[in-house]
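One structure is given below, encoded as structure tokens.
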Amino acid sequence: MTTQQKIQSLRDELNQHNYNYYVLDNASISDFEFDIKLKELEKLEKENPEFFDANSPTQRVGGTITKNFETVTHKNRMYSLDNSYSKEDLLDWEKRVQKGLGRTDLEYTCELKFDGASINLTYENGQFMKAVTRGDGFQGDEVTANIRTIKSIPLSVKSDFVRDFEMRGEIILPIDGFNKMNEERVANGEEEYRNPRNTASGSLKLQDSTEVAKRPLDCLLYQVVTSERKYKTHFESLENARKVGFKVPKTIKLAKSIDEVFEFVNFWDTKRHDLPYETDGIVIKVNNLQQQEELGYTSKAPRWAIAYKFAAEQVSTVLNEITYQVGRTGAITPVANLDPVQLAGTTVKRASLHNADQIEKLDIREGDTVFVEKGGEIIPKIIAVDFAKRPIDSQPTIYATHCPECNTELVRTDGDAKHYCPNEFGCAPQITGRIQHFISRKAMDIDGLGGETVDLLRKEGLIQNYADLYDLKVEQIIPLERMAEKSAQNMINGIEKSKEIPFEKVLFALGIRFVGETVAKKLAKHFKSIDNLMTADFDILIGVDEIGDRIAQSIIDFSSDLGNIQLVNRLKHYGVQLEVSEESLENQTDKLKGQIFVVSGVFHQMSRNELKKAIEDNGGKVSSSISKKTNFIVAGDNMGPSKLTKAQDLGIEIISEQDFIDKISD
Ligand code: AMP
Ligand code: ZN
């Protein structure tokens, strides 16, 4: 045997033992023997560095220090899941899915919803390449070195799976392992970790991968993402992923009807407490992959999946004080400060009270004993008062009349549940909050400047608004606390670079009330420049798709404020992008102007999203359902039968993918 063969054979053998132990839970070698073989391999690799392989089992012990985790854009967005809390919700979802596909003969997969940190693993040619956290769904942090230490994750897979793919899954800490970690911490006189979920997600961002290797982390996989159409169903792709080494839970189940889904839900509602890890619900997915593609996504979650959350846990505790927080838009949020209490694995000290109406409706008072509930990710909320325990001297709550930060009288407009502090330009948390929003990742994405620094710069009188950022000089920043020349320079560079950020993001960054990311995109596309937007009147604004009265009024308020006009003019002067760039206008035509399209089925030459974008770029509109207004249906393979009938009944022209391409490309 050559040295190379020897090395390969040791790697294969150790990989197999790891798999048997960590995935199948069935040890095939003693720890002692495993160590001897591992040492042998280490020695050979050291003597023959030309055979180095980042995916060798020797690399699982860690040893990499990551100072800064790199931000990476996901090739395929990592969506969140819509939630449901009752069987009625599930039935509603089924109806939507059936309507969307135009058929009722559907299969579903049922999976447990694991409570940990989501991860995306990229494999090329069967080799593990990188691991990225979900982050905001568009971009996450690359944590490859840390993930490599998790021994149930295969670093290479057999060739009879798809070649290039991503595996999505959840990094979890089994309850046992978590308890052991805590026993050790107590023994060392350290504070205990609060819950498995936060500890798992915190582990991914440890700088020293050797530390990660020591933690009993595990990875449960629930989705294969690939452009290869090898498998027809989600269930089949997962079963095959399990065969090639991934830890796909055996609990997944195929359901032929929604009743079978209910059986699964009922079973796990009680049995979940016997599992070795925490679950907060169930995930139901349409099984057929073409149907998944056809259903697509909302701006936030797949239409083809839904989470079912188990009833939340509840506890009661004493509410000591109601305080008020001021957000960046001046919105006031009342907060309940509670006697600390354990709830669903975390210590709860504060809960949101939403608004004045909510306090009045539940008659919540300081000194009351209240019931607090928490379901999954949701911030704890107060659901009721235990009136039997109300103190005799209890006084009804009088809602704050003045801003706790700047003492300005609060206002509340008709139809708005929240109170606002109107002192937009003089109220500290609003000033800081607006600038923090401006620099945030989805907005101007300014590197080298964090939220705390913004507050510091404001306190030092260096900035009062976001336009001031562009006037900052390195010499002004260096003297500040904890600032070195290098970090000051980084900050200035980051600010300079933000001048390249496209208009739609700048528009979002301006922080106009009710103008979130999606609305900003719509407006940028429609108006093309800040001048067009700020001079548009109410009727023009509400004429834009999906822009209603509330958003239109908010834009008018913003545009008629002298302070805002000045800010925008300054941004323009500094060179911030306040109109859509030439480049992005270039590919656009109005060939399809005034035409409404419905897209249905599966396509070959472009993806569904590319197709939709092509329609919009050429001035057409995409609608999700067929109606009299529809002009064309672009039909791919497997269009739902009831959609087809409806189109025929209404006499709508059905065109193929190729017809469509011909339409736009002459
Ligand atoms: P949420 O964070 O509540 O929007 O739920 C979406 C998250 O649930 C995903 O990002 C995953 O991390 C997690 N999740 C856990 N188990 C599953 C599963 N079986 N299928 C899909 N997502 C899951
Ligand atoms: Zn204020």
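The values are calculated or read from the model by the stated rules, or taken from the named source; none is laboratory data. Worth saying up front: this structure is predicted, and the values here are computed from it rather than measured. Virtual Cβ from ideal backbone geometry, glycine too; neighbours counted across all protein chains shown.
Quick notes
- Residue within region 194-208 that is part of a helix (DSSP H, G or I), of a type in the set (A, V, I, L, M) and surrounded by 15 or more Cβ atoms within 10 Å (Cβ to Cβ) present: yes
- Only one entry of Thr104, Thr149 meets the criterion of being assigned to a loop (DSSP other than H, G, I, E, B), surrounded by 21 or more Cβ atoms within 10 Å (Cβ to Cβ) and out of contact with any strand residue (DSSP E or B) (no Cβ under 7 Å at 6 or more places or on another chain), and that entry is Thr149.
- Filtered residues of region 264-281 (kept if closer than 30 Å to Arg103 by Cα and loosely packed, with under 14 Cβ neighbours inside 10 Å): Asn266
- Exactly one residue among Val186, Val132, Val157 is more than 30 Å from Phe262 (Cβ to Cβ) and touching a strand residue (DSSP E or B) at 6+ places or on another chain (Cβ under 6 Å), and that residue is Val132.
- Checked across region 422-430, the condition of being outside the structural domain of Ala336 (by TED's automatic domain parsing), among the polar types (S, T, N, Q), out of contact with any Leu (no Cβ under 9 Å at 6 or more places or on another chain) and free of Cβ contacts under 8 Å to residues at least 60 places away in the same chain holds for no residue.
- The set of residues in region 278-312 that are of a type in the set (Lys, Arg), at pLDDT 90 or above and part of a loop (DSSP other than H, G, I, E, B) contains only Arg303.
- The residues of region 209-234 include none that are within 16 Å of ligand 1 (Cβ to nearest atom), of a type in the set (S, T, N, Q) and part of a loop (DSSP other than H, G, I, E, B).
- Only listed residue being within 20 Å of Val506 (Cβ to Cβ), within 11 Å of ligand 2 (Cβ to nearest atom) and surrounded by 15 or more Cβ atoms within 10 Å (Cβ to Cβ), chosen from Glu424, Glu405: Glu424
- Verdict on Glu42 being surrounded by 15 or more Cβ atoms within 10 Å (Cβ to Cβ) and in a helix (DSSP H, G or I): yes
- Against the criterion of being buried (at least 16 other Cβ atoms within 10 Å of the Cβ), within 16 Å of ligand 2 (Cβ to nearest atom) and small (Gly, Ala, Ser), Gly448 does not qualify.
- The listed residue being assigned by TED's automatic domain parsing to the domain that holds Glu111, outside any loop (DSSP other than H, G, I, E, B) and either touching a helix residue (DSSP H, G or I) at 6+ places or on another chain (Cβ under 7 Å) or without any contact (Cβ under 8 Å) to a residue 12 or more places away in the chain (or both), out of Glu239, Glu190, Glu170, Glu166: Glu239
- Restricted to region 429-445, and to residues there that are outside any loop (DSSP other than H, G, I, E, B) and hydrophobic (A, V, I, L, M, F, W, C), the residue that is surrounded by the most Cβ atoms within 10 Å (Cβ to Cβ) is Ile435.
- Yes/no for Thr144 being more than 14 Å from ligand 1 (Cβ to nearest atom), over 15 Å from Lys247 (Cβ atoms), in contact with a Lys or Arg (Cβ under 6 Å, 6 or more places away or on another chain) and at pLDDT 90 or above: yes
- Within region 169-198, if we keep just the residues that are within 16 Å of ligand 1 (Cβ to nearest atom) and of a type outside the set (A, V, I, L, M), the residue that is farthest from Gln59 (Cα to Cα) turns out to be Asn195.
- For Ala484, the criteria (1) small (Gly, Ala, Ser); (2) closer than 25 Å to Gly327 by Cα; (3) surrounded by fewer than 14 Cβ atoms within 10 Å (Cβ to Cβ) hold in every case but one, which is (2).
- The listed residue being surrounded by 14 or more Cβ atoms within 10 Å (Cβ to Cβ) and part of a helix (DSSP H, G or I), out of Ile36, Ile7: Ile7
- Qualifying residue in region 160-174 (condition: under 15 Å from Ala117 (Cα atoms) and modelled with pLDDT under 95): yes
- Counted residues, region 110-133 - those being over 17 Å from His74 (Cβ atoms) and either within 13 Å of ligand 1 (Cβ to nearest atom) or among the hydroxyl-bearing types (Ser, Thr, Tyr) (or both): 7
- Leu410, sole failed condition from (1) surrounded by fewer than 18 Cβ atoms within 10 Å (Cβ to Cβ); (2) within 11 Å of ligand 2 (Cβ to nearest atom); (3) of a type in the set (A, V, I, L, M): (1)
- Members of region 560-610 found to be under 32 Å from the mean Cα position of the chain (by Cα) and β-branched (Val, Ile, Thr), listed by number: Val568, Val576, Val580, Ile596, Val598, Val599, Val602
- Members of region 517-542 that are touching a helix residue (DSSP H, G or I) at 6+ places or on another chain (Cβ under 7 Å) and of a type outside the set (Phe, Trp, Tyr): Glu517, Val519, Ala520, Lys521, Leu523, Ala524, Ile530, Leu533, Met534, Ala536, Leu541, Ile542
- Verdict on Tyr466 being more than 30 Å from Thr589 (Cα to Cα) and surrounded by 19 or more Cβ atoms within 10 Å (Cβ to Cβ): yes
- Qualifying residue in region 390-403 (condition: without any contact (Cβ under 8 Å) to a residue 12 or more places away in the chain, more than 30 Å from Lys497 (Cβ to Cβ), among the small types (Gly, Ala, Ser) and away from ligand 1 (no atom under 16 Å from the Cβ)): no
- Scanning region 517-546 for residues that are modelled with pLDDT of 85 or more and within 23 Å of the chain's Cα centre (by Cα) returns Val519, Ala520, Lys521, Lys522.
- Lone qualifier among Gly102, Gly126 - being at positive phi and free of Cβ contacts under 8 Å to residues at least 60 places away in the same chain: Gly126
- Positions within region 384-428 being of a type in the set (A, V, I, L, M, F, W, C), farther than 23 Å from Leu457 by Cα and assigned to a loop (DSSP other than H, G, I, E, B), in sequence order: Ile392, Ile398, Ala400, Leu410, Ala417
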